[in-house]
1. Return only the number of the condition from (1) touching a residue at least 60 places away in the same chain (Cβ under 8 Å); (2) over 21 Å from residue 99 (Cβ atoms); (3) surrounded by fewer than 17 Cβ atoms within 10 Å (Cβ to Cβ); (4) in contact with a strand residue (DSSP E or B) (Cβ under 8 Å, 6 or more places away or on another chain) that residue 287 does not satisfy.
2. Scan the range 86-98 residue by residue and report those that are on the phi < 0 side of the Ramachandran plot, in contact with a strand residue (DSSP E or B) (Cβ under 9 Å, 6 or more places away or on another chain) and surrounded by fewer than 24 Cβ atoms within 10 Å (Cβ to Cβ).
3. Got at least one residue in the range 328-344 being at positive phi, assigned to a helix (DSSP H, G or I), crowded, with 24+ Cβ neighbours inside 10 Å and in contact with a strand residue (DSSP E or B) (Cβ under 6 Å, 6 or more places away or on another chain)?
4. I'm told residue 240 meets every condition in (1) buried (at least 23 other Cβ atoms within 10 Å of the Cβ); (2) farther than 30 Å from residue 93 by Cα except one. Can you identify the failing condition by its number?
5. Please go through the range 173-191 and give me each residue that is crowded, with 24+ Cβ neighbours inside 10 Å and within 18 Å of residue 146 (Cβ to Cβ), ordered by number.
6. Are any residues in the range 30-83 surrounded by fewer than 24 Cβ atoms within 10 Å (Cβ to Cβ), under 19 Å from the mean Cα position of the chain (by Cα) and under 23 Å from residue 331 (Cβ atoms), and if so, which ones?
7. Inspect all residues belonging to the range 154-169 and state whether any of them is farther than 16 Å from residue 77 by Cβ, more than 19 Å from the chain's Cα centre (by Cα) and either at pLDDT below 95 or surrounded by fewer than 24 Cβ atoms within 10 Å (Cβ to Cβ) (or both).
8. Starting from the range 197-226, keep only residues that are within 14 Å of residue 335 (Cα to Cα), then list their pairs with residues that are at pLDDT 95 or above and part of a strand (DSSP E or B) whose Cβ atoms are within a distance under 6 Å, requiring at least 6 positions of separation or different chains.
């Protein structure tokens with residue numbers, strides 16, 4: 001019999017809230033995390049985009065100073081979210097060799113790396129901090145979470161761009177089902193709102209340039225969308241076998257019934273226009289859930305607000321769901337949070353968990369005139385999901401042709 005894997009704790013530090021409940025409440029209330037950047041480097045480098053969705057609460061104001069100083073901002077955010085999720089799960093007592101970490105980032109410690117480069121050029125090698133490599137390495141968040149919580153089963157890192165943390169959740173489910181752990185700390189983080197990343201994404205024509213109206217810049221599904229908004233934050237889910245959760249009397253939010261991970265092998269940045277890899281990831285997730293497309297009641301779309309990406313996702317889902325795709329309540333939550341890159345999948349998984357638990361699809365703000373090529377059932381208001389059992393999917397697609405989908409069922 002396939003083991004059931006459940007969510008017993010959630011934590012998040014996002015552009016719209018310092019905790020998971022605060023982020024969820026702000027999402028339902030139509031908040032936007034996009035704001036004008038108040039940093040001298042925006043003017044210094046004459047950046048073409050002057051706004052982003054930074055984490056609402058700075059992690060170094062939450063953590064003790066000695067701890068924060070030894071962590072890149074991306075790892076700081078990861079630890080803040082993990083501490084919340086762990087406490088929310090009731091701080092489970094678990095054998096360290098049965099506790100694992102499956103974590104993700106898209107870019108890693110970019111601030112540490114580039115600050116160290118500036119130090120080297122301006123002050124010489126003696127002034128480069130000895131902790132630079134442990135802080136900048138992509139597995140820093142995973143390793144530090146393992147150290148903090150004493151997780152000895154494993155500590156893995158996924159770096160598959162914007163699909164990263166959804167893939168980490170799929171891995172966590174598989175690790176639990178394979179008996180490698182009883183409890184897994186899973187999720188993702190990103191803190192890459194930096195001059196070089198803004199300049200690079202701008203050069204690709206990937207970012208919205210609505211500098212005069214940041215709060216309305218991310219508008220997935222709208223015909224006048226012009227790019228995504230860079231976001232920042234971390235999200236963590238405590239996953240465990242249902243048997244372990246019930247034995248300790250834990251509260252259960254939802255069941256993570258599986259996922260699908262595929263590759264397009266099409267282009268380093270562009271989606272396969274026929275959506276074959278994305279559609280296959282959805283089918284794999286449904287197969288893992290022992291479900292059919294007719295069972296899905298809600299979709300949290302990847303929906304970055306780019307002119308090409310949104311229609312491609314629609315076509316991929318239409319290949320799976322047929323005409324019914326236009327009837328399923330869809331949420332495009334990056335309209336509120338911006339795009340957290342490697343952290344986005346975990347945050348959207350939390351939103352999906354809360355959606356099926358509360359039987360409500362979050363609103364998609366900034367929806368002006370809906371693009372006829374993206375006729376998802378989006379709404380600027382919350383959409384009720386009904387009292388029946390819920391099965392939802394959350395999609396993530398990343399540069400490199402990475403596709404990851406996770407399926408979540410109500411309990």
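The values are calculated or read from the model by the stated rules, or taken from the named source; none is laboratory data. Computed from a predicted model, the values in this text were never measured in an experiment. Cβ sites come from the backbone with ideal geometry, for glycine too, and all protein chains shown count toward neighbours.
1. (1)
2. Hits for the range 86-98 are 86, 87, 88, 92, 94, 98.
3. Yes; the residues of the range 328-344 include at least one that is at positive phi, assigned to a helix (DSSP H, G or I), crowded, with 24+ Cβ neighbours inside 10 Å and in contact with a strand residue (DSSP E or B) (Cβ under 6 Å, 6 or more places away or on another chain).
4. (2)
5. Scanning the range 173-191 gives 176, 181, 183, 184, 185, 186, 187, 188, 189.
6. Correct list: 30, 31, 32, 54, 56.
7. Yes - at least one qualifying residue is present in the range 154-169.
8. What qualifies is 214/35; 214/36; 214/51; 221/370.
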